[in-house]
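Engineer: Input: one structure, supplied below.
The values are calculated or read from the model by the stated rules, or taken from the named source; none is laboratory data. Keep in mind it's a predicted model, so treat the numbers as computed, not measured. Here Cβ is always computed from backbone atoms with ideal geometry, including for glycine, and neighbour counts include all displayed protein chains. Only protein heavy atoms, including side chains, enter the accessible area calculation; ligands, DNA and RNA are left aside. Shrake-Rupley method; radii C 1.70, N 1.55, O 1.52, S 1.80 Å.
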Amino acid sequence: MAEFSQKQRKQHGGEGLGSVVDFLLANARLVLGVSGAAVLGIATLAVKRLIDRATSPRDEDDSKADGWKELSLLRATSHQQPQPPPAALSQPMPLLSPSPSAPVEPTPTHSQKTPTPQPSSPAPLCLTFQEKLLAFERNHVIVPEAHVTLVKQLAGDIALELQAYLRSKFPELPFGALVPGGPLYEGLQAGAAERVRLLAPLELEPGLWNLVPGMDTVAREPRCWAVRRTQLEFHPRGRSPWDRFLVGGYLSSRVLLELLRKALAASVNWPAIGSLLGCLIRPSVASEELLLEVQHECLEFTLAVLMVVPGASADDRLLLAWPLEGLAANLWLQDLYPVEAACLRALDDRDAGTRRRLLLLLCGVCRGHPALVRLGWSHLTQVVLHLGQEEVAWTEEALGDRFLQALEFLVGSLEQASLPCHFNPSVNLFGSFRGEEIDDIGYVLYSGLQVPESLL
C-alpha cells in the first residue's frame, strides 16, 4: 500500500512538472524560436530527470547507467553542429577518402622474410702498455701551444714590471735584466705550466768577489758555494753596494732573500700590475722561496724569482739564493738546471733518442700522484741521465721499456736512500728526504712495477 501511494505521488508530481515544462516550451517557441526551444527542452528534461532521481529511490546499477548517458546528452548538445539547410540535402555527399595519416597495413604473406639479426659491436681491443703510455702522453703531458704562448707573454710582462720596481726601490743595487726561463721555454714542461723561473742576476764588481766551494767551508756542502769579499785592504768595506749584505766576510744569500721577500709581499702594488696585465698576481707568503702565484682566466702558474750570482766566464755555473738551513744558511746553491737540460739535449741529438720524452712522462706521472709529487724535475732528470748513458734502444718503440727501467732505477735508489748527482757523485739528491717520505715513494713505485698501468 505504501509503495502504491509513493507511485501515485510520483505520478502526480510528474504531471505537475510536465505541465510547467509544457507551459515553458509553449512560450519559448514564441520568444526563442524552434531551435532555441529545442535546446531549452533538452536542458529542462535533464533537470527533470535529476529531480526524479533525487526524490525516488533507484538501484545503483540504473543510476550508473543513466549517469554517463545524461552527461553525453549535455556534451552533445553543447557541441551540436548546425544542420545544413534543406537545399543541401539534395546535393550528393562526397565519398570518404582514406586518411593519409593512417597507413594501410599490408596483407601478411608467407613470402616476407624475417629480419636478419644485426651483428653485435666488436669487443674493445686490449691495449698494450706502450699504447697506454703514448695515450697518457697525448692527454696529460703535452702542453697546448696557446698556453705556452700565454705563459711566456705574462711572465715577460711581469719581469719588466718587477725590474722597474727594483730599479726604483733599490737604485743603489745593480740588478741585471730579469730573464724568464725554465723547462717550459725548452719544451721540457709536462702537463700544465706550473712553474716559470725568473732569474734576477746580481752584478758584482770584478776583482772584489771570489767563489769558494762549499766543501772548503765549515758547512762542508758539496753542492753549495760561498761568495767571499776580497781586496779589503785596497777596497775597504763600503766600496761595493753589496757590502751591506756581508756576514762574516761572505755575501749572505739569506739576508738578500729576506730583503726581497719583504719587498715583494709589502711594497709592490700587485693588484694594479695584475689589473694592467689582465691577471691576478699574489706573492706566496707560506713558502720560503720567492714565489708569485699568477692566475689567468685560462690557466694558472707560479713564477719563481731567483737571485743568482753568475760564475766565471769560463763556465756556465749559476749560484742561487736558496733557503738553506744550518751552517749553509748563508751559502749559495749551485743551479743544476742549465747543465741538465744541455746534457739531455746533446744525448738526444746524438741518436735521435726519446730521453726528453721519457722525462716528461715521468714528470707527468709524479705530478698527478700525491705520494710521488716529492720527486721534482731535477730528481727525474738525474734518473734519465743515468740511464741515458747505457747502450740501449732509445726509439719510440722502446719508450715503454725505458719507462719501466726508470722505475726500477728509482726503486733501487730509494732502497739505498741515495741518488748521486750525475755531475758530482758526492751530492746525494735524496739527502733531504725523510725516512717516511722514502718509504711512501718506494711503496708506490714498487706497486707500480707490478701493475704499471695503475700509475697512468
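Engineer: Quick test of your reading of the structure: ILE273 fulfils all but one of (1) more than 34 Å from the chain's Cα centre (by Cα); (2) surrounded by 15 or more Cβ atoms within 10 Å (Cβ to Cβ). Name the failing condition by number.
Structural biologist: Tallying (1) more than 34 Å from the chain's Cα centre (by Cα); (2) surrounded by 15 or more Cβ atoms within 10 Å (Cβ to Cβ), ILE273 fails exactly one: (1).
Engineer: So in segment 256-270, with the set limited to residues that are open to solvent by 20 Å² or more (accessible area, probe 1.4 Å) and without any contact (Cβ under 8 Å) to a residue 40 or more places away in the chain, which one is farthest from TRP332 (Cα to Cα)?
Structural biologist: ASN269
Engineer: Find the residue count for segment 216-226, including only residues that are open to solvent by 20 Å² or more (accessible area, probe 1.4 Å) and in contact with a Ser or Thr (Cβ under 8 Å, 6 or more places away or on another chain).
Structural biologist: Here the count works out to 1.
Engineer: With respect to LEU344, is the statement that it is open to solvent by less than 10 Å² (accessible area, probe 1.4 Å) and not assigned by the TED database to the domain that holds GLY176 true?
Structural biologist: Spelling it out, LEU344 is indeed open to solvent by less than 10 Å² (accessible area, probe 1.4 Å) and not assigned by the TED database to the domain that holds GLY176.
Engineer: How many residues are touching a Gly at 6+ places or on another chain (Cβ under 7 Å) and more than 30 Å from LEU455 (Cβ to Cβ) when one looks only at segment 136-180?
Structural biologist: 1
Engineer: Here is a follow-up. Evaluate the following for PRO310: is it surrounded by fewer than 18 Cβ atoms within 10 Å (Cβ to Cβ), on the phi < 0 side of the Ramachandran plot and touching a residue at least 40 places away in the same chain (Cβ under 8 Å)? Spell out how you get there, then give the answer.
Structural biologist: Details: surrounded by fewer than 18 Cβ atoms within 10 Å (Cβ to Cβ): yes; on the phi < 0 side of the Ramachandran plot: yes; touching a residue at least 40 places away in the same chain (Cβ under 8 Å): yes.
So PRO310 fits the description; yes.
Engineer: Sticking with this structure for a sec: Which count do you get for residues in segment 263-288 that are touching a strand residue (DSSP E or B) at 6+ places or on another chain (Cβ under 7 Å) and farther than 19 Å from GLN163 by Cβ?
Structural biologist: 3
Engineer: On to the next question. All but one of (1) farther than 22 Å from ARG167 by Cβ; (2) not in a helix (DSSP H, G or I) hold for ARG345, so report the exception by its number.
Structural biologist: It fails just one condition, (2).
Engineer: Taking ALA352 as meeting all but one of (1) touching a helix residue (DSSP H, G or I) at 6+ places or on another chain (Cβ under 6 Å); (2) open to solvent by 50 Å² or more (accessible area, probe 1.4 Å), write down the number of the exception.
Structural biologist: The number of the failed condition is (1).
Engineer: Of all residues in segment 394-426, how many are open to solvent by less than 30 Å² (accessible area, probe 1.4 Å) and in contact with a strand residue (DSSP E or B) (Cβ under 7 Å, 6 or more places away or on another chain)?
Structural biologist: So the answer is 1.
Engineer: Can you name the residue in segment 233-245 that is assigned to a helix (DSSP H, G or I) and either not hydrophobic (A, V, I, L, M, F, W, C) or not assigned by the TED database to the domain that holds ALA328 (or both) and, of all such residues, is most open to solvent (accessible area, probe 1.4 Å)?
Structural biologist: ARG244
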